[in-house]
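Visitor: Let me begin by handing over the structure; questions about it come next.
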Amino acid sequence: MVFNYRLLVLVVLPTILTSSQANRYDGFKLYELSDDTGHEVQLLQYLQRHRPSCDVWALSKLGHKRVLVPPTLQKSVEKFFADYHVNYTLQVEDFGRVYEARQKESLVAEGDGTFLNSFPTYEEINEYLMKLAMENFEWIRIRVIGWSVEGRPIRAITINPKKQDTIIVDAGVHAREWITVSAALYLIKKLIDDSDQYRMFHEYKWVIVPLVNPDGYMYSMSTDRYWRKNRRRYNGTCGGVDINRNFGYNWDAGAEEYASQCHAGYRGAAAFSEPETKALRSILDNNDEAKLYISLHSYGGYLIYPWTSSSSQVKNVANLRKVGVDAARAIWQYSKNEYKVGASSEILRYQATGTSIDYAYSVGIQLPFVLEIAEYGYSDFQPPAKAINELVKETFVGIKELVYGMRRLLAQNANTKGR
């Protein structure tokens, strides 16, 4: 499909790294596209590539597609949709009102120590991790694996450090995905507080990075709730790098939209240019016995495995699919939320380069997954505090089943070698 660029004469409103930006989103509109022509994903990619102030939230081959559009672009975008016969629904007439109402719900409420009723601050996360390390020093280690762009420590917790077979989990890669951080903290809590109930889990070493992007996370809490990237500054008006486009495998393979600094998925100046990416690479590279890698994201309800940067299949795609389908089935039985399973080219209609799961597979981790937590109602990246308990428990069910699937494969491989 070829787009006529002249049909889209829009005013560029790049993302600005100051509080003077309309962070309350007054007058912004949220559109949802149907999948009638089969070109909706391609159209939204084109739109975001040339007009990065349009924030595309969902690009799914099998589900909804949403885009948040600033006031100055709305007439042109609607004409663009009409010219290409794309049906859409105006989901939110004035997103600023919705945004303001959600802020009044006090999503960052005073915590109760469990993180099940409020989203934790960066300081609370660190205090919690250090407390765990002091109380369980025999079998837990906390260490700094790197420093963010703004100089904040990025910490990893290792549970059962003397075990060999390893499971790696990360969260908080994208700043606005707060629920992933809560899910990672809940996982840590279950592994420690309910160790007797989940003894099988303690046959493995767990390396968990609950907040990969502390700068972006704090900025999304203080200034712009929908900020996605890290806080890399540039001389121009745009800034930030998408950490999950900055890994070294197929970093610059096509997808030229990721080369624009104003794009929400900007890949950075070079592979591993960002300290947050380097920190996570140190975990992926230095755990030779890692069998399972889970990167938590939101929102969508997906279990995605490699490749994300290519439409070709990995060698063990049958194993990945079976493990993913079993996890999706377990989630469905628990919460009746349907998770879609597959490679990026199957679930979505686009390829993402420089992702962590592609890199993890390239360095020998055979079971890498993105677990993209499902949406709560119609809350997009802002599930209310009352939904935390439900969502983190649902995520734990999915993680638990991924571990069971890994365990079954390891047993099968051991039996095969023993014959």
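The values are calculated or read from the model by the stated rules, or taken from the named source; none is laboratory data. All figures in this text were calculated on a predicted structure; none of them were measured in a lab. Please note: Cβ atoms are built from the backbone with ideal geometry, for glycine as well, and neighbour counts cover all protein chains shown. Areas reflect the complete protein model, heavy atoms only, side chains present, ligands, DNA and RNA absent. Shrake-Rupley method; radii C 1.70, N 1.55, O 1.52, S 1.80 Å.
Visitor: For labels at residue 411 and residue 202 in the simple 7 Å Cα→Cβ model, what's the distance in nm?
Guide: 2.0 nm
Visitor: Solvent-accessible area of residue 89, probe 1.4 Å, all protein chains present, reported in Å² to the nearest ten, please.
Guide: Its heavy atoms expose roughly 70 Å² to the probe.
Visitor: When DSSP beta bridges are limited to those with both residues in the chain, what percentage is antiparallel, rounded to the nearest 5?
Guide: 55 percent
Visitor: Can you give me the solvent accessible area of residue 39 with a 1.4 Å probe, rounded to the nearest 10 Å²?
Guide: 70 Å²
Visitor: By the 4.7 Å beta carbon criterion, which cysteine residues of the chain come out unpaired?
Guide: Singleton cysteines: 54.
Visitor: Just 296, 90, 367 to compare: in a GNM of the chain, with alpha carbon springs under 10 Å, which one fluctuates most?
Guide: So, out of 296, 90, 367, the one fluctuating most is 90.
Visitor: If the elastic network links every pair of Cα atoms under 10 Å, which of 169, 92, 341 fluctuates the most in the Gaussian network model of the chain?
Guide: Highest fluctuation among the options: 92.
Visitor: Now, a different point. Can you tell me the dipole magnitude for the stretch 316-406 around its Cα centre, using point charges on the Cβ only (Lys, Arg +1; Asp, Glu -1), in Debye to the nearest 20?
Guide: 200 debye
Visitor: For the chain, what is the charge dipole size about the Cα centre, in debye to the nearest 20, if Lys and Arg each add +1 at the Cβ and Asp and Glu each add -1 at the Cβ?
Guide: The calculated dipole for the chain is roughly 800 debye.
Visitor: Computed over the Cα atoms of the stretch 343-403, what is the convex hull's projected area averaged over all directions, in nm²?
Guide: So the Cα hull casts an average projection of 5.5 nm².
Visitor: Which semi-axis lengths, in whole Å and largest first, follow from the square roots of five times the eigenvalues of the Cα gyration tensor of the stretch 321-364?
Guide: Sorted largest first and rounded, they come to 24, 13, 8 Å.
Visitor: With no solvent and one point per C-alpha, what does the Debye sum give as log10 I(q)/I(0) for the stretch 129-285 at q = 0.09, 0.10, 0.19 Å⁻¹?
Guide: -0.32, -0.39, -1.14
Visitor: Name the most mobile residue of 133, 279, 327, meaning the one with the largest mean-square fluctuation, in a Gaussian network model of the chain with Cα contacts below 10 Å.
Guide: Looking only at 133, 279, 327, the largest GNM fluctuation is found for 133.
Visitor: Also, quick follow-up: Kindly give Rg over Rh for the stretch 284-366, based on alpha-carbon atoms, with the Kirkwood expression for the hydrodynamic radius.
Guide: Checking Rg against Rh, the ratio lands at 0.96.
Visitor: After finding the eigenvalues of the alpha carbon gyration tensor for the stretch 217-334, what semi-axes result from the square roots of 5 times each, listed largest first in whole Å?
Guide: 28, 19, 15
Visitor: Also, quick follow-up: At a 1.4 Å probe radius, which order do 262, 54 fall into by accessible area, largest first?
Guide: 262, 54
Visitor: Something else about it: Which translational diffusion coefficient, to the nearest whole µm²/s, is obtained for the stretch 299-419 from the Stokes-Einstein equation, given a Kirkwood hydrodynamic radius over C-alpha pairs, 25 °C and 0.890 mPa s?
Guide: Rounded, D is 161 µm²/s.
Visitor: Pop a pseudo-label 7 angstrom from the Cα along the beta-carbon direction at both residue 127 and residue 78 and give the gap in nm to one decimal.
Guide: The two pseudo-label positions are separated by 4.9 nm.
Visitor: If you don't mind, there's one more thing I want to ask. Against the empirical 2.2 N^0.38 Å scaling, what ratio does the C-alpha Rg of the stretch 203-262 come to?
Guide: Cα-based Rg divided by the globular estimate yields 1.39.
Visitor: Another question about this same structure. Sort 149-162, 210-223, 231-244 by the packing proxy (mean of other Cβ within 10 Å over each peptide's residues), most packed first.
Guide: Ranked from most to least packed, the peptides come out as 210-223, 231-244, 149-162.
Visitor: I'd like to check one number: the per residue accessible area of the chain, probe 1.4 Å, reported in Å² as a whole number.
Guide: It amounts to 41 Å² per residue over the chain.
Visitor: Give, to the nearest whole percent, the P(r) tail of the stretch 158-222 beyond 18 angstrom, counting all Cα pairs.
Guide: Roughly 41 percent, rounded to a whole number.
Visitor: Right, something else. Quick check: Cα centre of the stretch 180-218 to Cα centre of the stretch 366-419, how many Å?
Guide: 12 Å
Visitor: Same structure again: Past 32 Å, Cα to Cα: identify those pairs from 278/340; 65/386; 29/340; 79/278; 65/229, in the order given.
Guide: Those over the limit are 79/278.
Visitor: Over all directions, average the projected area of the Cα convex hull of the chain and note it in nm².
Guide: With the hull built on Cα positions only, its mean projection is 19.8 nm².
Visitor: Under the rule of -39500 (n - 2.57) per DSSP H run of 4 or more residues, summed and divided by the residues of the chain, what mean residue ellipticity at 222 nm is obtained, to the nearest 500 deg cm²/dmol?
Guide: Computed ellipticity for the chain at 222 nm equals -10500 deg cm²/dmol.
Visitor: Here is a follow-up. Using a 1.4 Å probe and ignoring any ligands, DNA or RNA, find the accessible area of residue 208 and quote it in Å² to the nearest 10.
Guide: Taking all protein chains as shown, residue 208 has close to 0 Å².
Visitor: So if I place +1 on the C-beta of Lys and Arg and -1 on the C-beta of Asp and Glu, and nothing else carries charge, what would the dipole magnitude of the stretch 212-346 be about its Cα centre? I want it in debye, nearest 20.
Guide: For this selection, approximately 240 debye.
Visitor: OK, next. Name the residue from 234, 410, 119 whose Cα lies farthest towards the positive end of the charge dipole of the chain, charges +1 on Cβ of Lys and Arg and -1 on Cβ of Asp and Glu.
Guide: 410
Visitor: Can you compute the modelled spin-label distance between residue 336 and residue 42, with each label point 7 Å from Cα toward Cβ, in nm?
Guide: Reported label-point gap for residue 336 and residue 42 is 3.8 nm.
Visitor: With the Cα gyration tensor of the stretch 120-200 in hand, give its eigenvalues times 5 under a square root as the equivalent ellipsoid semi-axes, listed largest first in whole angstrom.
Guide: Taking √(5λ) for each eigenvalue gives 22, 15, 13 Å, largest first.
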